[in-house]
Amino acid sequence: MSERPIVKYLPSVEGLEPRRLPSGLVAADAPAEALARRAAVQARIESRAAEPQAAKPTSGFLVYRITNPNRFNTVLKPPFQQVYVQQEPPTPGQTYNILSIVVRNGTAQTIDASSGFEVRFPQQTYDTPVLTGNQEWKPGEWIVFYVLTKKYYPLPSQVTSGFEFNLDGARSVAVPGPSAIFQRIKYDPAKFPGMLDKITAFGVGAQGGRGVKYGLPVTNIYEFVSAQTDRIDFGGYF
């Protein structure tokens, strides 16, 4: 009896592709488009890594989100001074969403209009004075900054975008976050200031005269202090 052949040639069966070693590099035979995309991504990564980081100002004042309340900043008691950070006047009878933050003077200084304190909203081409005329911002006092919008959250990012302050030359941003939105109010000029006071003092995270109980979940309560003060609960400077 003849032995069966151990190896048999089957021309109709294709051979397997040669095994390739794992590698983070693009294969030499990859399309030119893939190589170009990979090069572009790598260039962006290297460009961002090379960008200089903003240096913390050494003068002026910076805004910080209050995440560790103390006995000095735990009471929001209306009425509040209010700053509308827009030029276009709201239309009575129209329905808007309110995006607002409240900022405390955390210094021992009384600030007046001569300070030149300013605030703006992202993509605005103008600055809004924080104080005008004979207005003052005394130690421990709060001011509410707000915009009226038809959008749910009118900022490009909930993480990095916010009210941009220029306080005596030091620029910083107060990110409102999800706690800052109050939806669908019908604008009445006579009733709005009282409504905004109530939202600020008794809204999410705030308990007015009984003492504010807030922390990390509450994102729209801030104070400003000297730029030389060491703080970690900071929104950002630019």
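The values are calculated or read from the model by the stated rules, or taken from the named source; none is laboratory data. Just so you know, these numbers come straight off a predicted model, no measurement behind them. We place every Cβ from the backbone using ideal geometry, glycine too, and count neighbours over all the protein chains shown. The area values use the complete protein model at the heavy-atom level, side chains included, leaving out ligands, DNA and RNA. Shrake-Rupley method; radii C 1.70, N 1.55, O 1.52, S 1.80 Å.
Quick rundown of the values:
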quantity	calculated
Hey, Val102 under 25 Å from Gly133 (Cα atoms) and either hydrophobic (A, V, I, L, M, F, W, C) or open to solvent by 50 Å² or more (accessible area, probe 1.4 Å) (or both) or not	yes
Subset of the range 219-232 that is open to solvent by less than 10 Å² (accessible area, probe 1.4 Å) and within 15 Å of the chain's Cα centre (by Cα) - its residue that is modelled with the highest pLDDT	Tyr222
Any hit, the range 112-119, residues being buried (at least 18 other Cβ atoms within 10 Å of the Cβ), at pLDDT 95 or above, within 21 Å of Tyr222 (Cα to Cα) and of a type in the set (Phe, Trp, Tyr)	yes
Filtered residue count, the range 132-162, keeping only those that are touching a residue at least 60 places away in the same chain (Cβ under 8 Å) and open to solvent by less than 20 Å² (accessible area, probe 1.4 Å)	6
Filter pass, Ile185 being more than 20 Å from the chain's Cα centre (by Cα) and either closer than 16 Å to Tyr84 by Cα or of a type in the set (A, V, I, L, M) (or both)	yes
Any strands (runs of 3 or more DSSP E) falling wholly within the range 60-150 and containing at least 1 residues that are more than 18 Å from the chain's Cα centre (by Cα) and under 23 Å from Met195 (Cβ atoms)	81-84, 95-105, 142-149
Positions within the range 56-94 being of a type in the set (A, V, I, L, M, F, W, C), within 19 Å of Thr219 (Cα to Cα) and open to solvent by less than 70 Å² (accessible area, probe 1.4 Å), in sequence order	Leu62, Val63, Ile66, Val75, Leu76, Phe80, Val83, Val85
Unique match (being open to solvent by 30 Å² or more (accessible area, probe 1.4 Å) and not hydroxyl-bearing (Ser, Thr, Tyr)) among Ala174, Ala190, Ala180	Ala190
